[in-house]
Structures are given as C-alpha cells and as structure tokens.
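Here's the structure, in structure tokens; my notes come after.
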Amino acid sequence: MSVTRETVAKIASLARIRMDEPELDRMVPELNSILGWIEQLGEVDCAGVEPMTAVIPQALRLREDVVDADPLTGGGLRDAVLANAPVAEHGFFGVPKVIE
C-alpha cells in the first residue's frame, strides 16, 4: 500500500490539521515507511505465541473476597444503609435516568 500526497492532504483535512505544501511532501515518505513497517510485521509468524501484557511474568496478588460482618468495620449493613436512600430498588440505590 502506498500513500500519495492527495491521501496525506485528505487525512490532514479529516483530522483538522492545517498543513502547507512542504509539510505534505515531507509526510508522504514518512507515512509510506510506517505502512511498510506494519506490512513487515504482518509477515511475522505468530503461531503458538501466547498474548502477553509484559515481557516478564506477572501474577496478580489477590486477597480473598470476604464480607466483614462486623457492623463497626463494614459489611452486613445493606438494609440500614438503604434505609437512608430516597429510592431503593433491588438492594441498590435508585437513581433517576439521565439522557442527554
């Protein structure tokens, strides 16, 4: 795939970027080299490679999800908390629908 000067002008127009003539001419080879690099990445054989989020293995340190039943430190107070709500629906605070 090749980018022309007209394509760069169209992209700049869509992105609302003002570019003069020398800038358009300078961007053509840059965008072509970027697209060439992307095509080169498409040729890489990725079969059997698992996706990863980092180059080193990481494990999440999770704690056990336990509700504390002690009324002083949290948990077990849903009914008491919802008693203060103007509207409670299905065990949650009811809020008005907002559509813009």
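I'd like the full set of residues that are over 30 Å from residue 97 (Cβ atoms), among the aliphatic types (A, V, I, L, M) and modelled with pLDDT of 85 or more, limited to segment 61-87. The answer is 62, and nothing else.
Just wondering, is there one or more residues in segment 56-72 that are on the phi > 0 side of the Ramachandran plot and charged (D, E, K, R)? Looking for residues that are on the phi > 0 side of the Ramachandran plot and charged (D, E, K, R), one finds none in segment 56-72, hence no.
The values are calculated or read from the model by the stated rules, or taken from the named source; none is laboratory data. Only a predicted model underlies this, so the values are computations on that prediction, with no experimental measurement involved. Here Cβ is always computed from backbone atoms with ideal geometry, including for glycine, and neighbour counts include all displayed protein chains.
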